[in-house]
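Below is one structure, written out as structure tokens; the observations come after it.
The values are calculated or read from the model by the stated rules, or taken from the named source; none is laboratory data. Every value quoted in this text rests on a predicted model; they were computed, and no experiment measured them. All Cβ positions, even for glycine, are placed from backbone atoms using ideal geometry, and neighbour counts span all protein chains on display. What goes into the accessible areas is simple: the full protein's heavy atoms, side chains included, and nothing from ligands, DNA or RNA. Shrake-Rupley method; radii C 1.70, N 1.55, O 1.52, S 1.80 Å.
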Amino acid sequence: MNPFRYERAHDASSAVALLAQEPGGVFLAGGTNLVDHLRLGVRQPDLLIDISHLPFDRIEPLPDGGVRIGALVRNSDLAADRTIRTRYPLLAQALLAGASGQLRNLATTGGNLLQRTRCVYFQDITRPCNKRIPGSGCPARQGYHRELAILGASEACIATHPSDMAVALVALDAVVRVLGPQGERAIPLTDFYRLPGEEPQRDTVLSHGELITAVDLPPLALATRSHYRKIRDRASYAFALVSVAAALDVTDGVVRDVRIALGGVAPRPWRAMKAEAVLRGAPATEEVFGRAAEAELAEAQPLPGNAFKVPLARNTLVRTLLDLTGEGV
């Protein structure tokens, strides 16, 4: 058992100040990921700062017509919210595809975003892992890599980001609001996550002491026509092998606008910019959808055990887009 101090934060500023003074400290909200890693010995913080009572548990309209989601809004409450279900259905669908009902009742918006990018070797402290101990090696490359990355990986790490919610939020152009020792800042979610490169131990661009306070959704009209599709090994409580979050605006058979993100294929939720570029202004046909998917996956670098993800991602993206046009079967 690793001993640690526990402090309950009474306001955001004091929580940030307290963590900034303790290099070995972490914030604790729902704890659905952190507590698992404490039990496994993967993480051994010196200080836990409980932020679960801070006033960030509301879903509120923004003046520009968007929506602000507090960092402590529970996943189950967010999925059930009428505004989210109506205006951003892919987000509600992604949340309901994640974890289990019990975990969704406890997990928070901010905590979900900060799940560690990981694989089985990261969670096994008897094995080397560059994310846990930089420079120790990546046994996944020669070991079990069926569930791991085909895009954006490096020699140092091929783990995949596990969040379903984050994939939907990336497709929705979400912005993360953060409070830190240097004040507040807003980070587009597409810039929030890091690729592993030579520093796989750093999942995000957050500095130590920074606290997520909210996530803002823009008033994205095409999001009302959106869908989240998740392919996994079993119907519940399983990470995605491949997932697709897509929003589509088609007028007179032509794609006017589109947003696409992929999950289960990269160390971060993967915004499919190349596929979007192919689709904008093009006919909304299966042939064009296939070309868009192939453009996005052209630089995939699968290993033998996960090469199936390339055609699986292509076909899942095409099927999702067809469904949004009403052509799916």
**OP:** Could you please give the count of residues in the stretch 192-222 that are open to solvent by 70 Å² or more (accessible area, probe 1.4 Å) and either within 26 Å of Leu248 (Cα to Cα) or out of contact with any strand residue (DSSP E or B) (no Cβ under 8 Å at 6 or more places or on another chain) (or both)?
**Re:** 4
Original post:
Any residue in the stretch 50-73 that is open to solvent by 70 Å² or more (accessible area, probe 1.4 Å), assigned to a loop (DSSP other than H, G, I, E, B) and closer than 27 Å to Arg232 by Cβ?
Top reply: no
Subject >> Candidate set from the stretch 149-177 (those that are over 8 Å from the mean Cα position of the chain (by Cα) and of a type in the set (S, T, N, Q)); member that is surrounded by the most Cβ atoms within 10 Å (Cβ to Cβ) >> reply: Thr160
Original post:
Which number in (1) modelled with pLDDT of 95 or more; (2) closer than 24 Å to Ala99 by Cβ; (3) out of contact with any strand residue (DSSP E or B) (no Cβ under 7 Å at 6 or more places or on another chain) marks the one condition that Leu189 misses?
Top reply: (3)
Subject >> Residue count for the stretch 20-34, restricted to those that are within 17 Å of Leu113 (Cβ to Cβ) and either touching a residue at least 24 places away in the same chain (Cβ under 8 Å) or surrounded by fewer than 16 Cβ atoms within 10 Å (Cβ to Cβ) (or both) >> reply: 8
Original post:
Going by the structure shown, is Asp36 modelled with pLDDT of 95 or more and of a type outside the set (A, V, I, L, M)?
Top reply: no
Original post:
If the Cβ limit is 6 Å and pairs must be 6+ apart or interchain, which residue in the stretch 215-231 that is closer than 30 Å to Glu147 by Cα pairs with which residue that is among the aromatic types (Phe, Trp, Tyr)?
Top reply: Ala223/Tyr88
**OP:** May I ask you to verify whether Leu106 is part of a loop (DSSP other than H, G, I, E, B) and open to solvent by 60 Å² or more (accessible area, probe 1.4 Å)?
**Re:** yes
Original post:
What are the pairs, 6+ residues apart or on separate chains, where a residue within the stretch 110-121 that is outside any loop (DSSP other than H, G, I, E, B) has its Cβ under 9 Å from a residue that is of a type in the set (Phe, Trp, Tyr)?
Top reply: Gly110/Phe27; Gly110/Phe56; Gly111/Phe27; Leu113/Phe192; Leu113/Tyr193
Original post:
Just checking, how many residues over the stretch 9-19 are surrounded by fewer than 18 Cβ atoms within 10 Å (Cβ to Cβ) and either in contact with a helix residue (DSSP H, G or I) (Cβ under 7 Å, 6 or more places away or on another chain) or among the charged types (D, E, K, R) (or both)?
Top reply: 1
Original post:
Arg68: of a type in the set (D, E, K, R), under 27 Å from Leu217 (Cβ atoms) and without any contact (Cβ under 8 Å) to a residue 24 or more places away in the chain, yes or no?
Top reply: no
**OP:** Please work out which one of (1) aromatic (Phe, Trp, Tyr); (2) surrounded by 12 or more Cβ atoms within 10 Å (Cβ to Cβ); (3) not in a loop (DSSP other than H, G, I, E, B) is the condition Tyr6 fails and give its number.
**Re:** (2)
Subject >> Failed item in (1) touching a residue at least 24 places away in the same chain (Cβ under 8 Å); (2) polar (S, T, N, Q); (3) in a loop (DSSP other than H, G, I, E, B), with Thr190 passing the rest >> reply: (3)
Original post:
Just checking, how many residues over the stretch 113-157 are of a type in the set (Gly, Ala, Ser) and touching a Phe, Trp or Tyr at 6+ places or on another chain (Cβ under 8 Å)?
Top reply: 3
Original post:
For the stretch 148-186, what are the residues that are closer than 16 Å to Ala240 by Cα and part of a loop (DSSP other than H, G, I, E, B)?
Top reply: Leu148, Ala149, Ile150, Leu151, Ile158, Ala159, His161, Pro162, Ser163
